[in-house]
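The numbers here are math on the coordinates, done by the rules we state, and not lab data. Quick caveat: nothing in here was measured; it's all calculated off a predicted structure. Note that each Cβ is placed from the backbone with ideal geometry, even for glycine, and that neighbours are counted across all protein chains shown.
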Amino acid sequence: MATAFCDANLKRNNSVLGDMRWATCLLFTAAVSAQEPPSKTVLQQASESYREATVLCDAGRYLEAEPYFQRALAAHRLLAEGNEGYIMAELHNLGVIARKRGEFQQSLDLLNQSLAVSRKRNAARSGANTLIELANTYRAMDKPYDADPLIREAIATSKQLSPPDPQVYAGACNTYGALHLRLQDPEGAIRWFQRALEAARRLPVIQPDLEAAVIANLATAQFAGGNGEQALGLFRESISMQEKYLGPTHPKLAETLASYSSVLRRLRHKDEAAEANRRAVQIRNSLVAPKPSIQ
């Protein structure tokens, strides 16, 4: 399993972005006054910032990744030529982070910018992934009917990719399952989550983050469909996979434990529910310093 940018149209007040804009202005002034291409150092800084951001995202520390993506985006925009792929990815990632912060309109703006770049470059895989995240943002805004055509387009695009990419298809099916669940259609949700899981298991290299997330979503759908014990078994499978591959303190494990606790409580397994909730809270508290992590 996943985005804010330096632009005159984007109003941001945090000091990190302010510092980044100041640094970008200095770099731009130096490049113009010398009448030479930007130095190799700018490219190196952009690459380092991008790598650091992706490492933080892999660890689930999205807020901490945001300023690194912002710096990388500013530098790649300064360099411009030959860096559209990075710009596309950074806009995408900053759009996802904006959604996790609850800044939905900003998320839509950033993701639409990323989508425009992917279409200009005929980058179908990237475009499909961005359509998935646009649908997820509309879903978070409680606008399922705005999300529906976007995720349908993502599924159609994923089927046409050459070579095929089961990971993109799995991500699209997973989001469509979540959309069906939001529309109180557990049977439809189960059907799409199962398709997502089948696709995830066809990947040549295991993707435990994606697979565990789909299993947890399938568990939620099974519970919504009245299959409580089956749901509990799926939650345990997801938790076991996350513990093994992501580690015992990963924020996504905390998210799954919280959902598991909720289902246990509703099935009146009070002691197990309390223990799962205790573990979820413990993981989340461990991520508070120096910056909170968004699930």
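By other beta-carbon atoms within 10 Å, ranking Phe69, Phe235 with the fewest at the front produces Phe235, Phe69. Of the residues Gln282, Leu179, Ala200, the one whose Cα sits farthest towards the positive end of the charge dipole of region 169-288 is Gln282 (charges of +1 on Lys and Arg Cβ, -1 on Asp and Glu Cβ, taken about the Cα centre). Across region 169-288, the relative contact order, built from alpha-carbon pairs under 8 Å that are at least six residues apart, equals 18 percent. Computed over region 139-178, the alpha-carbon pair-distance distribution with 10 angstrom bins reads 32, 49, 17, 2, each value a whole percent. Computed from the Cβ-Cβ distance with R0 of 35 Å, the FRET efficiency linking Leu63 to Ala274 stands at 0.75. Among Ser49, Ser114, Ser238, sorting on how many other beta-carbon atoms sit within 10 Å of each Cβ, with the fewest leading, yields Ser49, Ser238, Ser114. Separation of region 85-110 from region 211-266 is 27 Å, based on Cα centroids. Output the Kirkwood hydrodynamic radius of region 169-288, Cα pairs only, in Å rounded to one decimal. When all Cα pairs of region 169-288 are included, the Kirkwood radius is 14.3 Å.
In a shell of Cβ-Cβ distance under 15 Å around Tyr86, excluding Tyr86 itself, what net charge do Lys and Arg (+1) and Asp and Glu (-1) give? After counting each charged neighbour, the total is 0. What residues of region 201-229 lie in the reach of a label at Lys244, counting those whose backbone N is under 16 Å from a point 7 Å from the Cα along Cα→Cβ? Of the residues in region 201-229, 201-203, 205-216 have backbone N under 16 Å from the label point off Lys244.
Residue exposure proxy: Glu272, Glu90, ordered by other Cβ atoms within 10 angstrom of their Cβ from fewest to most, comes out as Glu272, Glu90.
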